[in-house]
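Bear in mind these aren't lab numbers, they're just calculated from the coordinates by the rules spelled out. Here the structure is a predicted model, which means the values were calculated and not measured. Cβ atoms come from the backbone with ideal geometry, glycine included; neighbour counts cover every protein chain shown.
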Amino acid sequence: MGTFIRLAAFVGAMLVIAYGFSGTEEQADQIWLMLLLAAGVLLAIAWWPRGTRALPVFNRTILRWSAIILVCFTLVSIQLVRVQVVESSRISNRIAEAPNGEIASNPRHRLQSLEKQRGKIFDREGRVLADTVELEDGTYARTWPELSTAPLIGYYSPEMYGSTNLEAAFDDYLTGSDGGNPAEEWLNDLLNKDQRGYDLELTIDLDLQNLAAELMADRPGAVVLMDAQTGEMLAMYGAPVFDPNRLYANLGQQTSEEVEEIQAYWAELNENPNAPLVFRPTDGLYNPGSTFKTVTASAIIDSGEAKLDTIFRDEGVFEVDGRVIEELNRPDPSKIAWTLEEAYAYSLNVVFAQIGLELGSQQMWDYAERFGFGESIPFDFDVVETQLANSRSELNNRALLADTGFGQGQILASPLQMAMVVAAVLNNGVMMQPMVVDRVIGDGGKVLEDFGRDDWRRAISGDSAAAVRDLLLATVEYGYSQAAAIEGLTVGGKTGTAEIGEGDPHSWFIGFAESGERKLVVSVIVERGGPGSQAAQPIGRSLLEAAFQEAE
């Protein structure tokens, strides 16, 4: 029994230590010390000398003190491993603000960031989007010459506010600690030798990015322009923008007055009701309005329950469990029988409310999941989770299910999410994993890493995707998106007008254009922009047209 207790105590101590190591990134030091104390008690039980009563007092005392010293030595060793290995990065980068507002940080880390040449970031044509410039004293500072791409790249404020987006997600590449020769990088770090950061080449086209900024004209919203077949982002713009140059803070370079200006700008950004620090293409959550009818139509077609010529009734009013849905979109109020194609082209809410009920909550939920709703889309940096409804159980409410069918209810979608929906339709039902970082470039232009074009998942079958593509084409051919047509290109699209209570609705447009083998999709939202045909659709059309003109 004694041997079993000793073994159990030792195993318990190892488990407590392992738990402490695994949770230390966000673990308070006080809790870790309690875990370490518990491990010490368990180790004392495991290693306490037994059968010593027959020994002389002096010998017995020596053995017991030896056990205590062994436990203490082990605990100190474990703490050293935690501090020097497990927690070294967090401790090294710890930042604190003093009561007087001054920032306290690791001076060695500050000097490293001053003296290290961080990698540049380029667009697909080699134009500089983020740069590191050498100052007169031999130290380096980060700059962002193109404000239209700056929120996508993110800010880099090593001594005050950290970093975001690409600056954060690709920090190891940009600092040169990952991506090259591992042995060389390890040796440089060990010897504290200079290691120039590696460069990033993006899929972004700066001309298209600037055009998106011009078309948005400072109105809050977002634009996503991507290649349906590769997932490459050609433009990814969110408004309003902020200037990361005014947030860059490396306390060895700024005076106290400059630091105060940085802090004032940070406070201004956080107090701005338009939330400029939220990168809307990936982190903006909106009701998608009628653009979601693309998902509903995909579900009813792919499930085999309807075809493009299936007839639905729309008499102008539809009531479900006390919820009255009034039809305002019929082009001919005297007509009550509509095909699925016509219902999509004319955005008939009553028809899509019925389709939602016909699908049922289970199928509606399942198909939304196939299109990525309810999870974070895999991307080069973190993307907010979208949702179909607050919960599966709430979607069992028939009135909510009907609203969901035509794009209202509790749906929350990002502009990236809706671009992915159209991309799946264009790509035979397969959703590509979206990407904005194309390659990592080392010294002399050597390609250190070339990121692949990967499938993410299949949303619907190829035949179903072809049918939904026809719906998008019909909407531009004779429906409410005729103004999206572009001479010489095959164009499809869907507008959305997302009602959000009082005030003007959000203006949406999702669409695509094709020429030969090239297939591009666009997703645009203009917050409080009114009907989708008025604000978002012209932006989407102009971007698609410009993208194909540029390729000629």
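Regarding segment 283-551, what is the average projected area of its C-alpha convex hull, in nm²? The partial results should precede the final answer.
Values: hull surface 60.2 nm².
About 15.0 nm², averaged over all directions.
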Report summary line: Computed about the Cα centre, the charge dipole of the chain from +1 Lys/Arg and -1 Asp/Glu charges at the Cβ has a magnitude in debye, to the nearest 20, of 2900 debye
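Let's see if you can work this out: charge +1 on each Lys and Arg Cβ, -1 on each Asp and Glu Cβ, no other charges. What is the dipole magnitude of segment 261-390 about its Cα centre, in debye to the nearest 20?
Details: 8 positive and 23 negative charges, 72 e Å.
Once rounded to the nearest 20, the dipole reads 340 debye.
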Requested in this report: Over all directions, average the projected area of the Cα convex hull of segment 430-483 and note it in nm².
Outcome: 6.1 nm²
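What's the FRET efficiency of Gln30 with Glu517 using the Cβ-Cβ distance as r and R₀ = 56 Å, to the nearest 0.05? List each step's numbers first, then the result.
Details: r = 61 Å, r/R0 = 1.09.
E between Gln30 and Glu517, to the nearest 0.05, is 0.35.
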Query - Nearest-ten-degree value, helix 206-216 long axis tilted from longest Cα axis of the chain - result: 60 degrees
Requested in this report: Based solely on C-alpha atoms, express the radius of gyration and the Dmax of segment 466-539 in angstrom.
Outcome: 12.7, 44
Query raised in the report: In degrees between 0 and 90, to the nearest 10, how far off the longest principal axis of the chain does helix 536-551 point, with axes built from Cα atoms?
Result: 80 degrees
Report task. Go through segment 453-468 residue by residue and turn each phi into a ³J(HN,Hα) via Karplus (6.51, -1.76, 1.60, θ = phi - 60°); whole Hz please, and just put x for glycine and proline. Result -> 9, 10, 5, 9, 6, 9, 8, 9, 6, x, 5, 5, 4, 5, 5, 5
**Report entry** the chain: calculated mean residue ellipticity at 222 nm from DSSP helix runs of at least 4, using -39500 (n - 2.57)
**Finding:** -12500 deg cm²/dmol
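Please work out the Cα convex hull volume for the chain and give it in Å³ per residue.
Values: hull volume 121.0 nm³, N = 552.
Convex hull of Cα atoms, per residue: 219 Å³.
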Query raised in the report: Where the Cα atoms of segment 223-329 are projected onto their three principal axes, how long is each span, largest first, in whole Å?
Result: 71, 40, 20
Query raised in the report: Using Cα-only point scatterers and the Debye equation, what is log10 of I(q)/I(0) for segment 324-424 at each q in 0.19 Å⁻¹, rounded to two decimals?
Result: -0.97
**Report entry** Degrees separating the helix 415-426 axis from the principal Cα axis of the chain, which is the longest one
**Finding:** 60 degrees
Report task. Using Cα centres only, tell me the gap between segment 352-375 and segment 243-276 in whole Å. Result -> 44 Å
Requested in this report: Could you please rank Leu129, Leu277, Leu80, Leu63, placing first whichever residue has the fewest other Cβ atoms within 10 Å of its Cβ?
Outcome: Leu80, Leu63, Leu277, Leu129
